[in-house]
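Notes to accompany the following structure.
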Amino acid sequence: MLQKYSGGYRIPSSDTDINSTLRPSAFLNLAQEAANINAQDMGFGYDELREANTAWILSRVHVIFHKLPKWRDQINIQSWHKGQKSLFYLRDFIVTNPEGEKLISSTTSWLVLNLETRRLVRNSAVADKLAESINEDVIEEMAPKVQAPKDVEPVLAMEHKVVYSDLDVNQHVNNVMYTVWAMDAVGLEVTTQKPLKELKINFNNEIKPGDTVQIYKYEVAPDVFIIEGKVGDTSSFIEELTF
């Protein structure tokens, strides 16, 4: 029987920012681990997919930060697989405090990648196990597509050459690093003064060892930024951040 993941966590100082609040990237790390554990427990995790030379790849993310927890706060994170739409496998997350107050809501869309061909897999080896789902929405709509605005000139905010600490077991940059870079690209004058309210991410192309990423910033409205990372002319990721 399909089950939810539920786990308690006390926020360490290493997960917090200058204001002692949970960094967005720290939440994404927690969510990624919750997804890994739940998928493994339900029989469609990392090990099962690797047997077929495939892997889970995160494609789109939508996060709403209702109230950011702080250093030493106790939180609970829940996650569950909620079905398939086209090539996307959908997974939701919710973070609450001990009183049950909703702190963070998130929905994500995942794909299955063939590790040899680097192409998407339509029918995975664990498709029968993924057919069962929990029909419960934290955010009803799927994580949306994010597009660079055509009427705003981008600014090259920074460049980053991929290093050891960026990489994960799938031999590419871990998806959480893109939000680390995006927050840095927005700038301290915003990120240290205003809490992040909402985050939307599209992962377009993997970034590999040795790549250099150009990170562009668009300010599309007051306290709303779009950050796009490119390797050459290829868009690797694009994020919309609302403060």
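How do the pairs read when you match residues in the stretch 59-72 that are touching a residue at least 40 places away in the same chain (Cβ under 8 Å) with residues anywhere that are charged (D, E, K, R) and outside any strand (DSSP E or B), using Cβ under 6 Å and keeping only pairs 6 or more apart or on different chains?
Final answer for the pair search is PHE65/LYS197.
Could you tell me which numbered condition ARG50 fails, if it satisfies all but one of (1) in a helix (DSSP H, G or I); (2) surrounded by 15 or more Cβ atoms within 10 Å (Cβ to Cβ)?
For ARG50, the exception is condition (2).
Restricting the first residue to the stretch 108-130 and requiring it to be part of a loop (DSSP other than H, G, I, E, B), which pairs with a second residue that is surrounded by fewer than 18 Cβ atoms within 10 Å (Cβ to Cβ) and not aliphatic (A, V, I, L, M) meet a Cβ separation below 6 Å and a spacing of at least six or different chains?
LEU115/ASN53; GLU116/ASN53; VAL121/ASN114; VAL126/GLU48
Taking ARG72 and the conditions (1) part of a loop (DSSP other than H, G, I, E, B); (2) among the basic types (Lys, Arg); (3) over 30 Å from THR192 (Cα atoms), which numbered condition does it fall short on, given that it satisfies the others?
(3)
If you check LYS200 against the conditions, is it of a type in the set (D, E, K, R) and either within 20 Å of LEU22 (Cβ to Cβ) or modelled with pLDDT under 95 (or both)?
yes
Out of the stretch 219-234, which residues are surrounded by fewer than 16 Cβ atoms within 10 Å (Cβ to Cβ) and small (Gly, Ala, Ser)?
ALA221, GLY232
Just the residues that are loosely packed, with under 11 Cβ neighbours inside 10 Å, among the β-branched types (Val, Ile, Thr) and over 22 Å from SER109 (Cβ atoms), please, taken from the stretch 164-194.
THR192
Kindly establish whether ILE201 is surrounded by 19 or more Cβ atoms within 10 Å (Cβ to Cβ), within 19 Å of GLU228 (Cα to Cα) and out of contact with any Gly (no Cβ under 9 Å at 6 or more places or on another chain).
So ILE201 passes the test.
Which of the residues spanning the stretch 7-28 are assigned to a helix (DSSP H, G or I) and surrounded by 15 or more Cβ atoms within 10 Å (Cβ to Cβ)?
ASP15, PRO24, SER25, ALA26, PHE27, LEU28
The values are calculated or read from the model by the stated rules, or taken from the named source; none is laboratory data. A quick note: this is a predicted structure, and the numbers were derived from the prediction, not measured. Reconstructed Cβ throughout: ideal geometry from the backbone, glycine too, with neighbour counts over all protein chains shown.
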